[in-house]
1. Within the stretch 44-146, which GluC sites (Glu not before Pro) sit in a loop by DSSP and count at most 11 neighbouring Cβ atoms inside 10 Å?
2. Ranked by accessible surface with a 1.4 Å probe, highest first, in what order do Thr148, Thr140 come?
3. Using the heavy atoms of the protein chains alone and a 1.4 angstrom probe, what is the accessible area of the chain per residue in square angstrom?
4. Evaluate the distance, in nm, between pseudo-label points positioned 7 Å from the Cα of Asn166 and of Asp632 along their respective Cα→Cβ axes.
5. With 20 Å as the cut-off, how large is the P(r) tail for the stretch 432-498, expressed as percent of Cα-Cα pairs?
6. May I ask you to derive the FRET efficiency for Asp473 and Ser91 from their Cβ-Cβ distance with R0 = 51 Å, giving the value to the nearest 0.05?
7. So, with a 1.4 angstrom probe, what is the percent of accessible area on the chain that is carbon and sulfur?
8. Hey, could you get me the Stokes-Einstein D for the chain, Kirkwood radius over alpha-carbon pairs, 10 °C and 1.306 mPa s, rounded to whole µm² s⁻¹?
Amino acid sequence: MTAMSEQSADLPQLVRDDPWLEPQAERIRARIDRFRDTLGRIGDSRGRLAPFARGHQLIGLHPTPEGDWSIREWLPAAKAVSVIGDFNDWSVEGHSLSRHDNGVWSARLPAGSIAHGQRYKLRITGADGSVRDRIPACATRVVQDPETHDFSAQVWQAPEPYVWRNDFDPSTVTIPRIYEAHVGMSGEEPRVHGYREFANTVLPRIAEAGYNTVQLMAVQEHPYYGSFGYHVSSFFAPSSRFGTPEDLKYLVDTAHGLGLAVLLDIVHSHAVKNIAEGLNDLDGSGNLYFHADGRGEHPQWDSKCFDYSRDEIRCFLLSNVRWWLEEFRFDGFRFDGVTSMLYWHRGTTAFDHYDKYFLHDIDHDAILYLQLATTLARELKPGALLVAEDMSGMPGLCRPVDEGGIGFTHRLAMGVPDYWIKLLKHTRDEDWNLDEMWHTLVNRRHGEANIAYAESHDQALVGDKTLAFWLMDQEMYWHMGAEDDHPVIDRGIALHKMIRLVTFALAGEGWLTFMGNEFGHPEWVDFPREGNGWSYHYCRRQWSLVDNPALKYRFLALFDRAMLQLGEARGLPGDQTANCLNIDPVNKVLCVERAGVVLVFNWSIDRSIPDYRFKVPGTGDYQLVLSSDDPDFGGHDRVDASVPYPVNADGELSVYTPARTALAFAPADQ
């Protein structure tokens, strides 16, 4: 072996696969070494993290084998702690906790002294002399008083523990087709909907639509409904707005019975500032779970940032990962706000050089925590899906830890929806640049899987618009009748299908849509707030629109299902490389191939072309397997799917490509 090859063999696999990373090789190797050292220190003799990730079993209120109750809380700087609640008329007398050398306070409560359904809190005299009633950090049930609106922990011992009916192996989901959903706004009535309603009415829709994964938002308890669940207060408590813990288990179990994996949208990037409901200043020391200085403040989100350097915080967060995987049998996570975790600047910079990922304002403790979290998730649930919300493009984010990566299975392709919205806002249809479109959709790191999406909940929020609303706007209110021939609606439906299909086919190794976007749900999402009179009118999903055969919404839903069926049958999007067959800026035609499927997109506003020829792989006949011009999808039925499409002697396919239409062809012998 030559000296050069010996040097190459010593490089982390991440660097060997990307020579541009060689200047960062020592930093990447340092990440691997630090992870291994930490795992050796906090893991057991077999390198397992589960014994370390059991803080929720040691802290909090628990029944003991002896029949009484144990309550423990980590409050190293507190001066005094008592437990108060319904069981003692909220009096501090007689229920004080004792302090131990490790900063944990504990007490035993007699058998029968506290019962299922009773509310309780900790009265903490903090290091600063403050006396506050607080919710325990690992409370697994938190409820809000309907009159005072105060939140309290609640004793939860279900009289009949949930009996699971369905097993599920997430490793069977090789190409995630993710349906992003919010339980509270999942029904048509203007109110908060529940876990069981979602399980019984929405999950069957998701399965029927062709999705194989559900991503649940806003499950971790949060005091403000309008935060979309991203200002978490109680990390171990499923939101009681939507029902009981058993109701959530029923949802997950029902999904598994339908063949659906379930991901939790987990928030470990920050926490709500609220002192009354959250972890902020729990022991009066000014920090505890969060950084004590400015690093503990998130200026863009008005929230608190965790101190990932401390073993106690790692234990808390890793225990949280374990809790959701084991107690509720989630199949993985979508980690929120990963960009904010990776960098001290919280992502407020341009990532235009590799140094930005390794030298500038890097939170190495957060990287270590994420490596531990992805490792633990795989240890507990092999095949777990682990999706990172990262817009920075951190190299190795979706590579194994021992290769120099951080261990996620997928990252969200966050630049793609931004591209579409910018294009629709600022560029006329006839000026769309197909070279730019192609490069935007395929520009991602080789070997790191992306979840493609044309829009998510971010684009659905008030202040922005969904694709359907950008395309059709107020005309949707008046002209979505199936027999209403309106040019704005005709254009909008045609482009909606094309944008989703080209994104699905090219922009990732998986797919995501937000609840209702698959059928062009009108309007935006606006949670009840003072500014809208606390109305639920825009915080619901109008399924009656897609169910009504007299409206055009069903065309988009049927196309979306056909697109997913094509993907399932042909292995799209998958991990294959996409190939550009032809970019025609004059006729506005883009021809591509992936996984053996040839797709032709005619973006022209008025130019339909007969006998359009371009070279394709292979020989023999192709067949038309999907046409956005199909009348079942609101098209004009201009393309014949019954005839074969032979490859000529020059290796060319000849097709009729109508304006604003997408066609998919596959080899006829497959």
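1. Working: sites: Glu66, Glu73, Glu93; in loops: Glu66, Glu93.
In loop regions of the stretch 44-146 (DSSP not H, G, I, E or B), the sparsely surrounded GluC sites (Glu not before Pro) are Glu66, Glu93.
2. On the way: Thr148 80, Thr140 55 Å².
Largest accessible area first, the list is Thr148, Thr140.
3. On a per-residue basis, the chain sits at 39 Å².
4. According to this spin-label approximation, the distance is 2.5 nm.
5. On the way: 1036 of 2211 pairs.
When every Cα pair of the stretch 432-498 is considered, 47 percent fall beyond 20 Å.
6. Numbers: r = 59 Å, r/R0 = 1.16.
The formula returns an efficiency of 0.30 here.
7. Working: 12550 of 25940 Å².
C and S fraction of accessible area: 48 percent.
8. On the way: Rh = 26.9 Å.
Taking Rh from Cα pairs, D becomes 59 µm²/s.
The values are calculated or read from the model by the stated rules, or taken from the named source; none is laboratory data. The structure displayed is predicted, hence computed values, not measured ones. Here the Cβ is made from the backbone with ideal geometry for all residues, glycine too, and neighbour counts use every protein chain on show. All accessible areas refer to the heavy atoms of the entire protein, side chains included, with ligands and DNA or RNA removed. Shrake-Rupley method; radii C 1.70, N 1.55, O 1.52, S 1.80 Å.
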